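First the structure, in the form of structure tokens, and then the observations on it.
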Amino acid sequence: MLFLFAVMLVGCKPKDNANVVSSNKTWFLYQDQGENDTVSIKFLKNQRAEVKDISTIDGKVGINRFNSQFDNPQYVLGRDGKTITFKTAKNNLVIKIIKSYHENVYGKHMKGYYVESGGQTYKFAYITKRDKQSNISKSQKQKSQSIASNQIMDHVLDVTVGSKKLNDSTLAGNYDFSTIINYRRTDGNLTINEDGTYQITLTEHSAQKLSDDTDSKVVMMTSIESGNVQNLYGKIYLTPKNLLTINYYYHGQNQERLLPKSVNLKVNSKATGNQIDRANIRVEKDNDQLYLYSSDYTVRVKDGQSNTKATLLIKSDVAQTGLKDAITQTKDYYNKYKAEPLSSNADLMQLVGAISDNHKNKVGNVGVNY
């Protein structure tokens, strides 16, 4: 009788996957330190779950994964007590629990499991505690540091390290696209290389109403991002390693001769953590067209676009300027501008705007009101 009672107790022990779904925690699926693509999962009623692609652990912005009816997907528990299958559109997300896991990730205490998904090992955990800012390592508190312009090049990460050749070589090429970022009409260029690397160049114009018929000519910023193309959870993601941002003076701007205001480089690495704070970007084919998905981008629908939920990528023969070349060219251009700042009345207007911006809307003792 004692033996039978012991067997009954063992049989009643909740299985690992049942324990996971019964919790009211938000779980995160990630690799390494969760610096790149991460999936957040929150279990709901009626065997459904909110599944969202986010940039980092505890990220607030992301793209929801729905089922074919654009609803939160259902999940199914495997009889092995280890497997959870999320019935998402096109490709199911399947995770299998391997063993327990706990770790402190940049001040976030994570507890959960090592799991297998798509033939790779991931961490699947929730946050149990957050350290106070004073307890987080100094290297994390000092992520953003000022460096001399001639040293920027030394900090650019090599995107070919750890890259893997494209599974689908037809993705390789140059593409143009148009979008809106924070009310700024933006011209975009995407280059995908066969070695599994990519680069995106974005030119953002000044903010304007969505109802405006024409785009503003004033350029606020150019950003160049480079990184790796990754096949994760059955989808294709663009994972950044470098982000170069060039801001321009915009009062009285001479569009023929833009004046750089600042140059900033951010990188994603284990040494610095996740400096590039942006929503996940993924690329997907649909009806023989290629689309870009990102919650940071407002879709501008083009003629002939069959999918109006994403940004259409249009094949282009124009090659981009490389990120390192952009640093060198901007530095050389700025030095030439300082040597000869005025060659036209348009230059004079721009220079007055730059000086007034830097001196509380004054040039000397003269107030400037644009």
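Structure notes:
- Its DSSP H runs of at least 4 residues, each contributing -39,500 (n - 2.57), put the calculated 222 nm mean residue ellipticity of the chain at -4500 deg cm²/dmol, to the nearest 500.
- Both the radius of gyration and Dmax for the stretch 270-342 are 18.4, 53 Å, in that order, over alpha-carbon atoms.
- Remark: the stretch 284-337 carries a charge dipole of roughly 200 debye about the Cα centre, counting +1 on each Lys and Arg Cβ and -1 on each Asp and Glu Cβ.
- Percent of Cα-Cα distances greater than 19 Å, calculated over the stretch 144-208: 56
- On full extension, the segment bounded by residue 68 and residue 314 gains 85.9 nm, given 0.36 nm per residue less the C-alpha separation.
- Protein accessible area in the stretch 74-125, 1.4 Å probe - carbon and sulfur %: 46
- Dipole size of the chain about its Cα centre, with +1 on Lys/Arg Cβ and -1 on Asp/Glu Cβ: approximately 1740 debye, rounded to the nearest 20.
- Charge tally around residue 43: other residues with Cβ under 12 Å, Lys/Arg +1 each, Asp/Glu -1 each, net +3.
- Share of carbon and sulfur in the accessible heavy-atom surface of the stretch 295-370 [1.4 Å probe, %]: 51
- Dipole of the chain, positive end: most advanced residue of 354, 250, 128 [Cβ charges, Cα centre]: 128
- Of the solvent-accessible surface of the stretch 183-230, computed with a 1.4 Å probe and all protein chains present, 47% belongs to carbon and sulfur.
- Residues of the stretch 190-240: accessible area per residue with a 1.4 Å probe, Å²: 39
- Over the stretch 205-264, the alpha carbon radius of gyration divided by the compact-protein estimate 2.2 N^0.38 Å works out to 1.55.
- Cα-Cα P(r), the chain, percent of pairs per 20 Å interval: 24, 50, 21, 4, 1
- Inter-label distance for residue 214 and residue 168, nm, one decimal - labels placed 7 Å from Cα along Cα-to-Cβ: 3.9
- 11 Å beta-carbon shell around residue 242, net charge (K/R +1, D/E -1): +1
- Given 42/111; 111/266; 60/90; 217/261, the pairs whose alpha carbons are separated by over 20 Å: 111/266; 60/90
- Violating pairs (Cα-Cα greater than 28 angstrom) within the set 123/241; 82/165; 302/331: 82/165; 302/331
- Under 10 Å, Cβ to Cβ, from residue 75 - net charge with Lys/Arg +1 and Asp/Glu -1: +2
- Highest to lowest packing among 72-85, 158-171, scored as the average C-beta count within 10 Å: 72-85, 158-171
- Simple spin-label estimate for residue 270 and residue 46 in nanometres, 7 Å along Cα-Cβ: 4.5
- Most fluctuating residue given options 24, 182, 247, as computed from a GNM of the chain linking Cα atoms under 10 Å: 24
- Cut-off 15 Å, label 7 Å out along Cα→Cβ of residue 257, residues of the stretch 321-354 by amide N: 333-354
- Probing with 1.4 Å while keeping every protein chain in the model, the per residue accessible area of the stretch 308-362 equals 66 Å².
- Of 43, 193, 62, farthest towards positive along the dipole that unit charges on Lys, Arg, Asp, Glu beta carbons give the chain: 43
- More than 21 angstrom apart: percent of Cα pairs within the stretch 233-370: 63
- Whole-Å semi-axes of the ellipsoid equivalent to the stretch 60-137 (Cα gyration tensor, √5λ, descending): 28, 18, 10
The values are calculated or read from the model by the stated rules, or taken from the named source; none is laboratory data. Here the structure is a predicted model, which means the values were calculated and not measured. Positions of Cβ are backbone-derived with ideal geometry, glycine not excepted, and every protein chain shown enters the neighbour counts. Side chains are part of the model used for accessible areas, which takes the heavy atoms of the whole protein and leaves out ligands, DNA and RNA. Shrake-Rupley method; radii C 1.70, N 1.55, O 1.52, S 1.80 Å.
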